[in-house]
Amino acid sequence: MTFSQIWQHIAMIHLIHLQRQSDRRADAYPRHDVVIREVARRMAERLDLIRCQPELVLDVGCGPGRDLADLQGRYPQARLLALDLSEKNLRQFHAPVTTLRRWFQSITASQRPVPAAIQADLAHLPIKNSSVDFLYSNLSLQYTPQPHSVFPEWARVVKPGGLLMFSTLGPDSLQELRSTGLAGSILPLVDMHDLGDMLVEAGFTTPVMDMEKLTLTYKSSEDLLGELHALGGNCLASRRQGLQTPRDWRRRTEPLQHQAHADGRIPLTLEVIYGHAWRAGVSPARQRNEDGRTWVGVPLTQLGGRKKK
């Protein structure tokens, strides 16, 4: 069984449910995004070290668009396009949710950057090939049902030589929940090294990956789970259906209380993975024989002749 088949089997994230959850929680989202804001700050520190002058910046999985101000300030001449699955999230930053045609028309008419928002799935971007100079994504990749299929789509829209920068959660995240009755609610997360391999396979080059662990603390299990719920909740298709009784809820969350520190606060670990890479030139097409073996065809025009002595 291939990695793709295995992932499709275990990672059944219901996108419609994710969209509905995001719409319902859009108003409360800004009150619970301290972690996302901190990760955005650390991404900005990494971006300070990268020389890039993009004309078009795409923020994928932008939520309510709170990273857009930094991106616009960093690249004042760039056109900004924000994309998210939730229309209600997009309306939090008062940009018009529009079509690409209307957006480009507004740019032509005003001759200045006009931020706009597009409602779409992260893995199916309604954007033409090789049109984005810088694709940015802060803590959204973990919500995609098949992360190995996202990078090829992102590579499709990024220009050769363009930049990708993203953050996501690694498999050591939420380890405190794995010993409770809530373990089945944890999203399947991908290792940093696997993500790097996926980037190269998708057509990105010189990927730079690093990771750090953040530990948050909460006064109670209710506060901890309430924040996770506000930031996304359980969007797995295999999630438990129906309401829970108070007794069942206490039984499932009681192990969290046993992990409290001496001061009574309950810890929660996040493994945050950061990655950036450049879009390579267009790679030769990979062909497949009937026996399953693959080969790469290179046009004769790309082959150099023998040097004359």
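The values are calculated or read from the model by the stated rules, or taken from the named source; none is laboratory data. Bear in mind that the values here come from a model prediction, so they are computed numbers and not experimental data. Neighbour counts run over all protein chains shown; Cβ positions are idealised from the backbone, glycine included. Side chains are part of the model used for accessible areas, which takes the heavy atoms of the whole protein and leaves out ligands, DNA and RNA. Shrake-Rupley method; radii C 1.70, N 1.55, O 1.52, S 1.80 Å.
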Filtered residue count, the range 133-157, keeping only those that are without any contact (Cβ under 8 Å) to a residue 60 or more places away in the chain and among the aliphatic types (A, V, I, L, M):
1
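Any residue at all in the range 130-145 that's in a loop (DSSP other than H, G, I, E, B), surrounded by fewer than 21 Cβ atoms within 10 Å (Cβ to Cβ) and at pLDDT 85 or above? Working first, answer last.
The first filter runs over the range 130-145 and keeps only residues in a loop (DSSP other than H, G, I, E, B), leaving 130-131, 139-140, 144-145.
Within this subset, residues satisfying the condition of being surrounded by fewer than 21 Cβ atoms within 10 Å (Cβ to Cβ) are 130-131.
If we keep only those that are at pLDDT 85 or above too, we end up with 130-131.
Yes: one or more hits.
Tell me, please, whether a residue that is touching a helix residue (DSSP H, G or I) at 6+ places or on another chain (Cβ under 7 Å) and assigned to a strand (DSSP E or B) can be found in the range 168-176. Steps first, answer last, please.
Step one: filter the range 168-176 for residues touching a helix residue (DSSP H, G or I) at 6+ places or on another chain (Cβ under 7 Å), giving 168-170, 176.
Those left that are additionally assigned to a strand (DSSP E or B): 168-169.
Yes, there is a match, as at least one residue in the range 168-176 is touching a helix residue (DSSP H, G or I) at 6+ places or on another chain (Cβ under 7 Å) and assigned to a strand (DSSP E or B).
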Go through the range 203-245 and report how many residues are open to solvent by 20 Å² or more (accessible area, probe 1.4 Å), of a type in the set (Gly, Ala, Ser) and at pLDDT 80 or above.
1
Going through the range 134-176 one residue at a time, which ones are over 14 Å from the mean Cα position of the chain (by Cα) and over 17 Å from residue 277 (Cα atoms)?
171, 172, 173, 174, 175, 176
